[in-house]
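Peer 1: Dropping a structure here in C-alpha cells format, bear with me for questions.
The values are calculated or read from the model by the stated rules, or taken from the named source; none is laboratory data. Predicted model only: the values in this text are computed from it and were never measured. All Cβ positions, glycine included, derive from the backbone under ideal geometry; neighbour counts span all protein chains shown. Protein only, heavy atoms only, side chains kept; ligands, DNA and RNA dropped before computing areas. Shrake-Rupley method; radii C 1.70, N 1.55, O 1.52, S 1.80 Å.
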Amino acid sequence: MSEPHPSDLPVSKRPAWQTLGKLAQNTPTIRECCDSDARNAALRVSVAGIDADFGKQRINDEVLSALLQLAEDSALTTRRDALLAGEHVNTSEDRPALHTALRTPPGKGLPEFEQAVGDTLQRVFDLVESIRSGTHRSQTGRTITDVVHIGIGGSHLGPELVTQALDCSSGPRIHFVANIDGEAITSALKGCDPERTAFVIVSKSFTTLETLYNAQAARSWFLERGGSIEGIAAQFFAISANVDKAVEFGIDAGNIFPMWDWVGGRYSVWSAVGIPIALSCGVEAFTRFLAGAYAMDRHFAEAPIAENLPILAALIGVWNTNFLGAGNHAVLAYDERLSLLPLYLQQLETESNGKSVRLNGEPVDVHTMPILWGGVGSSGQHAYHQLLHQGTRAFSADFIFTRSARHALDEHHRWLQANALAQSQAMMIGDHPEAMEKRVPGNHPTTTFVLDELDAFHMGALLALYEHKVFCQGVLWDINSFDQWGVELGKRLATPIYKQLGGDSALAQDASTRFLVESLRGAAS
Ligand code: F6P
C-alpha cells in the first residue's frame, strides 16, 4: 500500500508543520535574521506592477524552506490547479469557485464558462456606454446623472472600494447603499432627482434582507415622486443569480444581469456586480481592471512556489499566525483612496477563512484566520499605532502605498512614503532606551507592497493577489474558503426578535434579550 500524502493528515501533524513548530522556538529576531542585502533580495517579488518586500518578516532560510515544504505537504499546487480548472473546490456547496473565469480573456480559459461571461460583460458595457453617453433615457426622457447601487457584503464592498480608489469623475455620481439603517438610503436619495436617477439592485440571492428593504424603499421613493411602473423598466436594474425573484420584485427581465453560483459574492467584483466601476470610470478602465487581475492569475498559476507572490504571502501569513502568535493582522494603506481596503479585505479574508472545520468535516486542529483590521496612514499613526508599537499583543501588518502620486504635491508624497517606511522600520527594530516607558520592543513582522500607481490595472492585480492568498491559506488550514454558514445563525435569530419588537407575545430565549426587547417595545409605545 502506498504511503498517505501528508495532506491527508490533520494540519498540525504534517511533517513541515512540526518542523516549523520547532523552528519557532528558536527563530532569531527580525533584526538578527534580516540585516543582509542578499537575504533581502531573495525576499522580494515583483508582479504586475506590484513590488512585494518580505524582508521585514521574521524568517530565515530554514523557516523559508520549511514553509515551502508546508506548501508541498498541503498539496497546494494540486489544489490551486483544481481551483483554476473549475473543480468543485467549494465542497460544502458542491460548486467550483471560478472568479478567475470572469477576468480571463476570450479563448484563454474554460470554454464552458466563456460565453456566459463574455455575453454578460458585453451587455454591461452596452448599458454603461449608453448611460455615460446620454443615449439611455429615463422614464421622462432625461439623461442619468445619479446611480444608486443597492447591495451589501460582496455585492457592495468591492464595487465601492474600487470606485473610490480610482476616483473618476467622467460618469454619473454613484451612491452606495448597504446598511438596513434607514439613514443609508435616506441620505443617498437626498440629492437625487427621480427623473435622472437609475437604481442597480445587486444581490446574488435576491433574498438579502437589507438589500430588499432598501430596494423597496428606493422603488417607493421613485413611485411617490412621479415615477410609474413602466418607468421602472427604464431606471431599475438588477444583478442576481435569482432572476425569478428579481422579476417578482418588479425589475424588467431585460434589465437583469446574471450572477452565477460558481462565483462567491465576495469574489464577484469582476462580474456585472462591478458595474459602478465601469459607470464612473468607463469601459476601458474596467477592462484594465480585469487585465490586472488576469496578470496576477497567470503569475499565480505559473510561477514556481518560491517566487509565487500569493503563495509566499499565504505561507508567511500562516507562519505569523500559527507559529509567531500573531492573532491579528493590520492592513495599513498609505493612500487615502484605499480607505475601504481594510473593510473589503475584512470580508474577503475573514468570511472566507474564519472557519473551524476541515474539508473532511473534522474540527481543524490549528488556529485559522486572525482578526483583520486596519486603516489609512499616516492618520493611523496618530491613533492606533501607539498600540502597535507598545501594546502587549503580537500582530503582523501589510503596508501598501504607491511609487508615484497622481497629484502634483511631490513633498506630500515623499513624506507619505517616508512615514510608511519609518513605521515598518520601527515595527522591525523598535527602540531600546534606558527608560522602560519609552521602550518600543519591535520585532513585529510586516510586508510592504509598493504599487507603481493606483490605476485600474494595479487595483485588479492587488485584489487578485489577496484573493489567491486567501485561497492558499484555506488550503494550508485545510478549510473551505468558499462557504459562510456562520452568518446564517444571526439572520435566523433576527426574524423572531423583529416580530417580538413589533408586539409578538413570544418571549426571547435569554434574559438579557428579553429585557432589551421589552425596554425597546416600551420606547416604541
Ligand atoms: O450574509 C453574508 C452574505 O451572504 C455574503 O456572503 C454576501 O456577499 C452578502 O451576504 C450579500 O448576499 P447577496 O449578494 O445574496 O445579497
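Peer 1: Give the number of residues within region 234-265 that are open to solvent by less than 40 Å² (accessible area, probe 1.4 Å) and either in a strand (DSSP E or B) or away from the ligand (no atom under 16 Å from the Cβ) (or both).
Peer 2: 12
Peer 1: Could you grab me the full set of residues in region 95-109 that are surrounded by fewer than 16 Cβ atoms within 10 Å (Cβ to Cβ) and under 26 Å from ALA238 (Cα atoms)?
Peer 2: Filtering region 95-109 down to residues surrounded by fewer than 16 Cβ atoms within 10 Å (Cβ to Cβ) leaves 105-108.
Within region 95-109, PRO105, PRO106 qualify.
Peer 1: Got a number for residues in region 285-320 being open to solvent by less than 20 Å² (accessible area, probe 1.4 Å) and of a type in the set (Ser, Thr, Tyr)?
Peer 2: Here the count works out to 0.
Peer 1: Oh, and also: Do we have any residue at all in region 342-353 that's open to solvent by 80 Å² or more (accessible area, probe 1.4 Å) and more than 27 Å from the chain's Cα centre (by Cα)? Let's see the steps before the verdict.
Peer 2: Taking region 342-353 and keeping what is open to solvent by 80 Å² or more (accessible area, probe 1.4 Å), we get 343.
After this cut, where a residue has to be more than 27 Å from the chain's Cα centre (by Cα) as well, the list is none.
Within region 342-353, none of the residues are open to solvent by 80 Å² or more (accessible area, probe 1.4 Å) and more than 27 Å from the chain's Cα centre (by Cα).
Peer 1: For region 170-179, which residues satisfy the criterion of being in a loop (DSSP other than H, G, I, E, B) and either in contact (Cβ under 8 Å) with a residue 60 or more places away in the chain or assigned by TED's automatic domain parsing to the domain that holds LEU345 (or both)?
Peer 2: Scanning region 170-179 gives SER170, GLY171, PRO172.
Peer 1: Cβ-Cβ distance below 7 Å, separation of 6 or more or different chains: which pairs start in region 150-162 with a residue that is assigned by TED's automatic domain parsing to the domain that holds ASN214 and end on one that is within 6 Å of the ligand (Cβ to nearest atom) and open to solvent by 20 Å² or more (accessible area, probe 1.4 Å)?
Peer 2: That search, which allows pairs on different chains as well, returns ILE152/THR208; GLY153/GLY265; GLY154/GLY265; SER155/LYS204; SER155/GLY265.
Peer 1: Picking from LYS204, LYS190, which residue would you name as being on the phi < 0 side of the Ramachandran plot and within 14 Å of the ligand (Cβ to nearest atom)?
Peer 2: Working: LYS190 fails: within 14 Å of the ligand (Cβ to nearest atom).
The unique qualifying residue is LYS204.
Peer 1: Is it the case that region 209-223 has a residue that's farther than 21 Å from GLU248 by Cβ and away from the ligand (no atom under 16 Å from the Cβ)? Don't jump to the end; show me each part of the working.
Peer 2: Residues of region 209-223 that are farther than 21 Å from GLU248 by Cβ, as a first pass: none.
Checked against the condition, which is being farther than 21 Å from GLU248 by Cβ and away from the ligand (no atom under 16 Å from the Cβ), region 209-223 yields no hits at all.
Peer 1: Looking at ALA198, is it open to solvent by less than 10 Å² (accessible area, probe 1.4 Å), away from the ligand (no atom under 16 Å from the Cβ) and either in a strand (DSSP E or B) or of a type in the set (Gly, Ala, Ser) (or both)? Before you say what the answer is, go through the steps one by one.
Peer 2: Numbers: open to solvent by less than 10 Å² (accessible area, probe 1.4 Å): yes; away from the ligand (no atom under 16 Å from the Cβ): yes; either in a strand (DSSP E or B) or of a type in the set (Gly, Ala, Ser) (or both): yes.
The answer is yes for ALA198.
Peer 1: Sort out which residues of region 131-143 are open to solvent by less than 30 Å² (accessible area, probe 1.4 Å) and over 19 Å from VAL273 (Cβ atoms), and write them in order of number. Give the derivation first.
Peer 2: Initial filter on region 131-143 (open to solvent by less than 30 Å² (accessible area, probe 1.4 Å)): 131, 134, 138.
Selection gives GLY134, SER138.
Peer 1: From the list ARG39, ARG31, ARG58, ARG79, exactly one residue is in a helix (DSSP H, G or I), open to solvent by 20 Å² or more (accessible area, probe 1.4 Å), in contact (Cβ under 8 Å) with a residue 40 or more places away in the chain and under 30 Å from THR402 (Cβ atoms). Which is it? Show your work before the answer.
Peer 2: Numbers: ARG39 fails: in contact (Cβ under 8 Å) with a residue 40 or more places away in the chain; ARG58 fails: in a helix (DSSP H, G or I); ARG79 fails: under 30 Å from THR402 (Cβ atoms).
Sole residue among the options that is in a helix (DSSP H, G or I), open to solvent by 20 Å² or more (accessible area, probe 1.4 Å), in contact (Cβ under 8 Å) with a residue 40 or more places away in the chain and under 30 Å from THR402 (Cβ atoms): ARG31.
Peer 1: Another question about this same structure. What is the residue count in region 384-416 for residues that are buried (at least 16 other Cβ atoms within 10 Å of the Cβ) and in a helix (DSSP H, G or I)?
Peer 2: Count: 5.
Peer 1: State whether the residues of region 450-472 include one that is part of a helix (DSSP H, G or I), away from the ligand (no atom under 16 Å from the Cβ), touching a strand residue (DSSP E or B) at 6+ places or on another chain (Cβ under 6 Å) and open to solvent by less than 50 Å² (accessible area, probe 1.4 Å).
Peer 2: yes
Peer 1: Answer yes or no as to whether VAL517 is open to solvent by less than 20 Å² (accessible area, probe 1.4 Å), free of Cβ contacts under 8 Å to residues at least 24 places away in the same chain and not in a strand (DSSP E or B).
Peer 2: For VAL517, the condition - open to solvent by less than 20 Å² (accessible area, probe 1.4 Å), free of Cβ contacts under 8 Å to residues at least 24 places away in the same chain and not in a strand (DSSP E or B) - is met.
Peer 1: Right, something else. Tally up the residues in region 125-169 that are within 16 Å of the ligand (Cβ to nearest atom) and not in a helix (DSSP H, G or I), please. Lay out the reasoning, then the answer.
Peer 2: Step one: of region 125-169, the residues within 16 Å of the ligand (Cβ to nearest atom) are 148-162.
Narrowing further to those that are not in a helix (DSSP H, G or I): 148-152, 156.
Looking only at that region, the number is 6.
Peer 1: Looking only at region 1-57, how many residues end up being of a type in the set (Phe, Trp, Tyr) and over 22 Å from LEU359 (Cα atoms)? Steps first, answer last, please.
Peer 2: Taking region 1-57 and keeping what is of a type in the set (Phe, Trp, Tyr), we get 17, 54.
This time we only want the ones that are over 22 Å from LEU359 (Cα atoms), so: 54.
Of the residues in region 1-57, 1 are of a type in the set (Phe, Trp, Tyr) and over 22 Å from LEU359 (Cα atoms).
Peer 1: Right, next: Hey, THR495 hits all of (1) open to solvent by 60 Å² or more (accessible area, probe 1.4 Å); (2) in contact with a helix residue (DSSP H, G or I) (Cβ under 7 Å, 6 or more places away or on another chain); (3) within 16 Å of the ligand (Cβ to nearest atom) but one; which does it fall short on?
Peer 2: With respect to (1) open to solvent by 60 Å² or more (accessible area, probe 1.4 Å); (2) in contact with a helix residue (DSSP H, G or I) (Cβ under 7 Å, 6 or more places away or on another chain); (3) within 16 Å of the ligand (Cβ to nearest atom), THR495 is out only on (2).
Peer 1: Could I ask something else about it? In region 321-341, which residues are open to solvent by less than 10 Å² (accessible area, probe 1.4 Å) and either at pLDDT below 95 or closer than 26 Å to ARG58 by Cα (or both)?
Peer 2: Step one: list which residues in region 321-341 are open to solvent by less than 10 Å² (accessible area, probe 1.4 Å), which gives 326, 330-334, 338, 341.
The answer is ALA326, ALA330, VAL331, LEU332, ALA333, TYR334, LEU341.
Peer 1: Considering only region 273-356, give the helices (runs of 4 or more DSSP H) lying wholly within it that have at least 3 residues that are over 18 Å from ASP398 (Cβ atoms) and in contact (Cβ under 8 Å) with a residue 12 or more places away in the chain. Steps first, answer last, please.
Peer 2: On the way: elements: 275-281, 283-302, 309-318, 341-345.
Fully inside region 273-356 and qualifying: 275-281, 283-302.
Peer 1: Spot the failing condition for SER228; the list is (1) of a type in the set (S, T, N, Q); (2) crowded, with 24+ Cβ neighbours inside 10 Å; (3) in contact (Cβ under 8 Å) with a residue 40 or more places away in the chain, and only one is missed.
Peer 2: Unmet condition: (2).
Peer 1: Starting from region 199-225, keep only residues that are free of Cβ contacts under 8 Å to residues at least 12 places away in the same chain and not assigned by TED's automatic domain parsing to the domain that holds GLU160, then list their pairs with residues that are assigned to a helix (DSSP H, G or I) and surrounded by fewer than 18 Cβ atoms within 10 Å (Cβ to Cβ) whose Cβ atoms are within a distance under 7 Å, requiring at least 6 positions of separation or different chains.
Peer 2: none
Peer 1: Being buried (at least 23 other Cβ atoms within 10 Å of the Cβ), more than 16 Å from the ligand (Cβ to nearest atom) and either aliphatic (A, V, I, L, M) or closer than 30 Å to SER356 by Cα (or both): is that true of ALA435 here?
Peer 2: It is false that ALA435 is buried (at least 23 other Cβ atoms within 10 Å of the Cβ), more than 16 Å from the ligand (Cβ to nearest atom) and either aliphatic (A, V, I, L, M) or closer than 30 Å to SER356 by Cα (or both).
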